[in-house]
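*Asks:* Sharing a structure, written as structure tokens. Questions coming.
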Amino acid sequence: MIKTKIFLQGFGKPSIDYQINKWIAKHPDYIVVDIKLQSNVVDDVDSYWVFRDALVIYKEYENQKEKRNAGKSANH
């Protein structure tokens, strides 16, 4: 099954790459299919802000699904 996760960067949040790499490190059982990145600039009178968001498209390893299904069967 394909799943998605959204990451946001701006106003003091860590960089997108830091957030995504941290998330990937916590989920070694996920396969990243694609990452879509978007940047927006908000121009103020004497400054500007850059906001970024990323959509990570991923799926779980097939053997992890089988492992979970085997565990559910054993519990019933």
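*Asks:* Identify all residues within the stretch 48-67 that are at pLDDT 60 or above, open to solvent by 60 Å² or more (accessible area, probe 1.4 Å) and either out of contact with any helix residue (DSSP H, G or I) (no Cβ under 6 Å at 6 or more places or on another chain) or part of a helix (DSSP H, G or I) (or both); write none if there are none. Before you say what the answer is, go through the steps one by one.
*Replies:* Quick first cut of the stretch 48-67, residues at pLDDT 60 or above only: 48-63.
After this cut, where a residue has to be open to solvent by 60 Å² or more (accessible area, probe 1.4 Å) as well, the list is 48-49, 52, 59, 61-63.
Within the stretch 48-67, Tyr48, Trp49, Lys59, Tyr61, Glu62, Asn63 meet the criteria.
*Asks:* Being under 16 Å from Asp53 (Cβ atoms) and open to solvent by 90 Å² or more (accessible area, probe 1.4 Å) is the filter here, so list the residues in the stretch 23-37 that pass it.
*Replies:* Lys36, Leu37
*Asks:* Do any residues in the stretch 19-42 that are touching a residue at least 24 places away in the same chain (Cβ under 8 Å) have Cβ atoms under 7 Å from those of residues that are hydroxyl-bearing (Ser, Thr, Tyr) and in a strand (DSSP E or B), where the two are at least six apart or on different chains, and which pairs are they?
*Replies:* Tyr30/Tyr58; Ile31/Tyr58; Val32/Tyr58; Val33/Tyr58
The values are calculated or read from the model by the stated rules, or taken from the named source; none is laboratory data. The model shown is predicted, which means the values in this text are computed figures rather than measured ones. Note that each Cβ is placed from the backbone with ideal geometry, even for glycine, and that neighbours are counted across all protein chains shown. Heavy atoms of the whole protein, side chains included, go into the accessibility calculation; ligands, DNA and RNA do not. Shrake-Rupley method; radii C 1.70, N 1.55, O 1.52, S 1.80 Å.
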